[in-house]
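Just below is one structure, and these are the notes that go with it.
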Amino acid sequence: MKDELSDAVPCSSLAVDSILRVGTAGAIWGLCIGPYDARRMGLSGIPRAYFVAKSVGKFSFQCGLVAGVFTVTRCGIQRYRRRDDWVNGLVAGAVAGAAVAAGTRSWTHAEGGVDEDSGAKVGTRGDEGGGVEGGDWACAYKVELELQRLLFQGRFGQDQSPLEMNRAFSRA
């Protein structure tokens with residue numbers, strides 16, 4: 001029954017189904033992690049709601065993109081090879097991972113040097129961890145949150161702290 005169904009249904013329909021399902025899971029994840037990150041950044045009120053909504057859209061889009069690329073690639077390879085085995089999933093996973101990496105990759109990290117935004121040393125040698133020197137990802141995450149907070153302040157006011165923004169929006 002499974003073989004008949006996968007042969008009868010077009011790859012595009014399978015892709016839309018997986019995009020909707022996994023994109024919904026990404027949206028739920030964004031609803032879970034968005035408030036946590038907003039609290040760590042010190043946001044509340046309207047800036048917090050805006051940040052959470054942005055997180056939901058970002059995670060939903062990224063998860064849906066991975067699912068769509070994976071499904072279309074796996075289905076296409078399966079129809080080309082006329083086999084349903086683990087090789088199809090392996091190649092499709094590699095293609096989906098490469099597509100996401102190409103879209104989200106910071107090319108300054110690929111070349112090595114200093115990241116312009118955070119000022120952290122980056123590189124591609126094995127002893128540097130392939131990214132932030134020393135592999136201190138917790139520090140890199142804190143830098144990312146701080147950069148997001150600064151960018152978010154630029155959206156609502158250059159000289160306002162998140163607490164001042166909350167007071168300004170609660171008075172309005």
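Quick notes on this structure:
- Projecting label points 7 angstrom from Cα along Cα→Cβ for Leu20 and Thr104 puts them 2.5 nm apart.
- Surface accessible to a 1.4 Å probe, Asp17 within the full protein complex, Å²: 70 Å²
- Rough spin-label spacing in nm, given labels placed 7 Å along Cα→Cβ, for Asp84 and Ile33: 3.2 nm
- Pair Tyr50, Cys11: separation of 7 Å Cα→Cβ label points (nm): 4.1 nm
The values are calculated or read from the model by the stated rules, or taken from the named source; none is laboratory data. All figures in this text were calculated on a predicted structure; none of them were measured in a lab. Note: ideal-geometry Cβ built from the backbone for every residue, glycine included; neighbour counts use all protein chains shown. Side chains are part of the model used for accessible areas, which takes the heavy atoms of the whole protein and leaves out ligands, DNA and RNA. Shrake-Rupley method; radii C 1.70, N 1.55, O 1.52, S 1.80 Å.
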